[in-house]
Every structure is written in C-alpha cells, then in structure tokens.
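The structure under discussion appears below in the form of structure tokens.
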2 protein chains.
Amino acid sequence: MNRCVGVFDSGLGGLTVVKELKKKWPGQRIIYLGDTARVPYGTRSPEVIKKFAVECARFLEGKKVDKIIIACNTASAYAFGEVRAAVSVPAWEVISYGAKGTRGSKKIGVIGTRATIGSGRYEEEIKKINPGAEIKSAATPLLVPLVEEGETSGDLIEMAVGKSIAGMAGAETLILGCTHYPVIAPVIKKQLPGVKLVNPGEELAREWPGENTGGEDEYYFTDMTDRYVRVAEMFLGGKLTGKAERIQL
Amino acid sequence: MNRCVGVFDSGLGGLTVVKELKKKWPGQRIIYLGDTARVPYGTRSPEVIKKFAVECARFLEGKKVDKIIIACNTASAYAFGEVRAAVSVPAWEVISYGAKGTRGSKKIGVIGTRATIGSGRYEEEIKKINPGAEIKSAATPLLVPLVEEGETSGDLIEMAVGKSIAGMAGAETLILGCTHYPVIAPVIKKQLPGVKLVNPGEELAREWPGENTGGEDEYYFTDMTDRYVRVAEMFLGGKLTGKAERIQL
C-alpha cells in the first residue's frame, strides 16, 4: 500500500484541513477519521477529549498510517501529548501552526470552542513567537452548530457572529481556532473589515512535510447519517472521493 | 435501598422530564443518567441512537432501578423496542404521551430533532388517537444547541425560533418534541399566540405510576464540565440535589 497520513477530527469539520493539505499536496494519500458519533468535542471536559482523541489516533495507527494530523483544534489543545504517547508514528497538531500565522501582528484575536479557548493553548503558542502582542480570546460556541446546520450565510449567522465576535473590534489578525470557521470567513470578514484571518489548517499545510504518494483516500466515520455527504462536501469544498465506511471505536 | 425509577437522556435536557415527575411525585426517588459525553442524539443515525440508548438502559438496570423512563424524544422514537428487549424492568417512552396531549385538536404541529421528526413516530401515535387531524412536522435542529448555550431569550433565539416554526402557522396545538423546548416555551408562544403547547414530559407525569418512595436521588453523567450544574439547573428549574457522579458507559 502507498504511504499515507492519517487525519482525525471530532467530526466533519476537519475536512477543511484536508482541503488545505490537498491544495498543497494533491497526490497525498489520506486516511481520514471523523468521530461523528460523538461530535462535538468542544463542549466536553479535558478528560473525555483526551480519551476520545487517543481512541481516534489508535484507530489510525491500526490502519498503518505513517503520520498523524490532529485536525481538530480542541483535540490539538488537550490531547497532543496523549496522542504522541499512544502511537508510534509522528503526530502534528494545529494550534502552534495557527499561532505562527499571527507573526508581525500586535493585536491578535482568537476564537474557538469553549474547550479550546479554556485551554489557553493559543495564547501560550502566540506568546512564544509574538511576546509583545495584545491577545483577546473568545469562546464562540454558537458557531459550530449553526455551520453544521448549513447556516453559513444570512441573517441568523450574521447575528450569531456579531454577538460572538463583539469583543474582537480592533484586532489586526484573527485566528479561526475551530475547523468549522473557515466556512463562514466571509461573514466574519464583513463584520471585521480589514482583519487578517488565519486558518490554522492552511498554516499547517504550508509547512507540513507531505508527499505526493498517490493512492486512494479512505474516509472512516463513527456515524453516517443521510446528510453526512452534503455536510462533508461543504467543509471539503468539493466532492468526497475515495472509500467511505462506518466504523466503531 | 428505596425503590426508584431510572430516567435516562442524551444529556441534561431530560431534566425537564424529571421536573414534571417531581411536581407530580415529590417523593419519588430518581436515578438519572445523562449521556453528556455523547450528547446530542438528535443528529445521529438510528443505529447509533439504538446502541447508545441500550447502553444507558443497561447502566440503570445495573443500579437496580424498578422502572425505566426514556426521557429523550429521539431515543424514545428509535430505541423503545431495543430498550425493552435489553432490560427486565418495565420501560416508558415519551412519544405516545406527547401524542395524547393533542386530543381534541384538529390542527397539530410537531417540532423535534432531525432524528425524531425523521422517525415519523409522533405522526403514528397522533393518528392512533386523533385520526382526522391535520399534522405538520418540522425538524428544528437549531434550537437544541442555542438552548444548551443559554440562549433562551433575546433576538437570536427569537430569530431562530421564527425561522424554525415558520411552517406552524395555524396550528392549534404544538408538541414540543424535544426535552430542550419547554425552556423556550415563552419564545414559541410569543410567535404562535393562542397555540396550546404540549410538553410530553408533563403528559407522561400525569399518567405515570409513580410512588413517593423517599430516598436520595442520584445523578450520573458520562461527562461533567465546569458548567454542567448551571445548565442542569436551567432544565430542572431548581437546585440539583442528591449525589452526582461521572461514569463511563
């Protein structure tokens, strides 16, 4: 079998990271796992997030992947150490890459799930490379379920975004610290004109050592409803091609 | 130990059912299980809902409950048969009780999760007792996450409710087919003045054979974050008293 990278996420949002990886490495073979039976992770406790993330990583290791990417910001924030300890292949998270996207900016905003923001991991990573910056963080828990329901434009998402990012006025750079947010970048941009948006998945793809291995991609999900293809393709920004299968963790 | 009833739900919303049971049977000892590590169920497939519900019911049977109530509408819709087959104590669901609350009404609306509405169970039960009625159903998936985030009044929930129940104009009776909705009854009522709202938990409590057994209640959750007490008490409409513990299923 061709060499491949395993990418896991709490659900389908991680496909925005796959989209960026494929832009940079169109021939990279990917094995994706979305834990759609237990999504979202961002409302759960650190203990549960760690347990779920390790189960995802072990599944991918069982599929003989050569590398693992934690696409989910929440799992990256809490479970990177646990995942590295649990598997024998190298692993990447997205937080430190998202932080790098703020280079040169003095006023930085971060939005994410309640768990991601609560972890303080983005602040830690931003301070390493941008010690003097002013950082404002906000948990924006309304945005994930609205995007999942296809509310990516119109009055309702505009009101929810406005309410969620009210404290971000004045930010020069805003980290989209959840895989769902790139899909509503235009709505965010409209309310913060002139802000530079950072997509951690895109920052990761820029530096990550991919390979144009070729070979069929495989998608595994812990649940598959009759609307998963539609939602998956919203995040992927294109057709879901390759094998797709439901599995139990 | 005093006799008791086991009540399970996908998360904390089932506490609106506990609230109704306690109104009718203040001395009823209750053992509650909220599957907060895997909430929500209403966006998942029938297979996954059945599996999770059976795991919940078996946990309660292990706690020596004498009866089981499935508080969650989604689990009631898909897993009542499976739960009855899996445990040896009698079990109740909420759908058929919600349907009974429509007696005498000719224009009936039902709102619920995507899974509950997709099951068609409310229509089935309504037709049994109200054969000539005109029934309109709508999945209203935006409402659960908004309520979970404490959005129970104000512009955002009003807009989301307006969008969600736009098709319900003209309904004389509206079944609140998800445990989260009683909390936003005033918002719904404002947009459908004159409608009779049916809370299936209240209808169940009216007929259900409780006992004022006395004894300390016990609450089990598959996850407990630092905000679970606040959210639990929003649904319960009062203080969470009794033992509370995190467990794994």
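Only one of (1) under 22 Å from B:L176 (Cα atoms); (2) without any contact (Cβ under 8 Å) to a residue 60 or more places away in the chain; (3) crowded, with 19+ Cβ neighbours inside 10 Å is not met by B:V110, so which one is it?
Failed condition: (2).
Between a first residue in segment B:139-151 that is more than 10 Å from chain A (Cβ to nearest Cβ) and a second residue that is assigned to a loop (DSSP other than H, G, I, E, B), which pairs have beta carbons less than 6 Å apart while being 6 or more apart in sequence or on different chains?
B:V147/B:H180
Residue by residue, here is whether (1) within 14 Å of chain A (Cβ to nearest Cβ); (2) surrounded by fewer than 20 Cβ atoms within 10 Å (Cβ to Cβ) holds:
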residue	(1), (2)
B:I175	no, no
B:P182	no, no
B:V195	no, no
B:E202	no, no
B:E211	no, yes
B:G237	no, yes
B:L249	yes, yes
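Go through (1) away from chain B (no Cβ under 14 Å); (2) crowded, with 17+ Cβ neighbours inside 10 Å; (3) among the polar types (S, T, N, Q) one by one and return the number of the condition A:T222 breaks.
Among (1) away from chain B (no Cβ under 14 Å); (2) crowded, with 17+ Cβ neighbours inside 10 Å; (3) among the polar types (S, T, N, Q), the lone unmet condition for A:T222 is (1).
Under the condition of being touching a helix residue (DSSP H, G or I) at 6+ places or on another chain (Cβ under 8 Å) and at pLDDT below 95, which residue from segment B:107-140 is nearest to B:Y78 (Cα to Cα)?
Here the answer is B:I129.
The values are calculated or read from the model by the stated rules, or taken from the named source; none is laboratory data. This one's a predicted model, so the numbers in the text were calculated from it and none came from an experiment. Positions of Cβ are backbone-derived with ideal geometry, glycine not excepted, and every protein chain shown enters the neighbour counts.
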